[in-house]
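One structure below.
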Amino acid sequence: MRAVFGIAALLIVFLIGTLIYTAQIREIGDGKTLVHQINLTAVRSDLFSLAQAEKLHCATNGSYATLEELRRSNVLNSIPEAGRSGYLYTAEVDGAVHFKITASSTDSARSDLPTLSIDETLQISQ
């Protein structure tokens with residue numbers, strides 16, 4: 001009888017530990033899920049790639065380009081046209097002077113998704 005209670009107690013402790021561990025794995029940092037952090041990393045990578053494509057286009061053609069022009073020149077093959085992970089990319093261009101690419105959430109129900117942007121300084125801001 002004593003062995004049964006010992007095994008039951010061990011099983012309860014194991015289950016509580018598993019619940020605590022999975023709860024900690026689901027939330028990291030400021031309460032965002034691991035999947036959310038991975039998606040943000042992919043969006044940041046896309047923004048940096050878009051900015052580098054803008055810099056290359058400006059060096060080659062003398063001015064920055066819209067995203068459509070960059071796509072037509074086959075520079076953006078690895079970046080989905082429809083965006084990524086609930087984000088849509090837009091660009092504001094002012095000749096060879098300035099560009100700003102913005103990644104904004106397409107899901108109005110998700111207020112926790114930040115709007116990210118990058119400009120010719122290659123600094124991502126939130």
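Within region 66-106, the set of residues being over 14 Å from the mean Cα position of the chain (by Cα), of a type outside the set (A, V, I, L, M) and closer than 26 Å to Val35 by Cα comprises Asn77, Ser78, Glu81, Thr90. Have a look at Ala9, Ala59 and point out the one that is modelled with pLDDT under 80 and over 22 Å from Thr102 (Cβ atoms). None of the other options fit; the residue is Ala9.
With respect to (1) more than 17 Å from Val93 (Cα to Cα); (2) among the hydrophobic types (A, V, I, L, M, F, W, C); (3) surrounded by 12 or more Cβ atoms within 10 Å (Cβ to Cβ), the lone exception for Val35 is condition (3).
If the requirement is being free of Cβ contacts under 8 Å to residues at least 24 places away in the same chain and either loosely packed, with under 11 Cβ neighbours inside 10 Å or in contact with a strand residue (DSSP E or B) (Cβ under 7 Å, 6 or more places away or on another chain) (or both), which of these qualifies: Asn77, Asn61? Exactly one residue qualifies, and that residue is Asn77.
The values are calculated or read from the model by the stated rules, or taken from the named source; none is laboratory data. Keep in mind that this is a model prediction, so the values were computed, not measured. Here the Cβ is made from the backbone with ideal geometry for all residues, glycine too, and neighbour counts use every protein chain on show.
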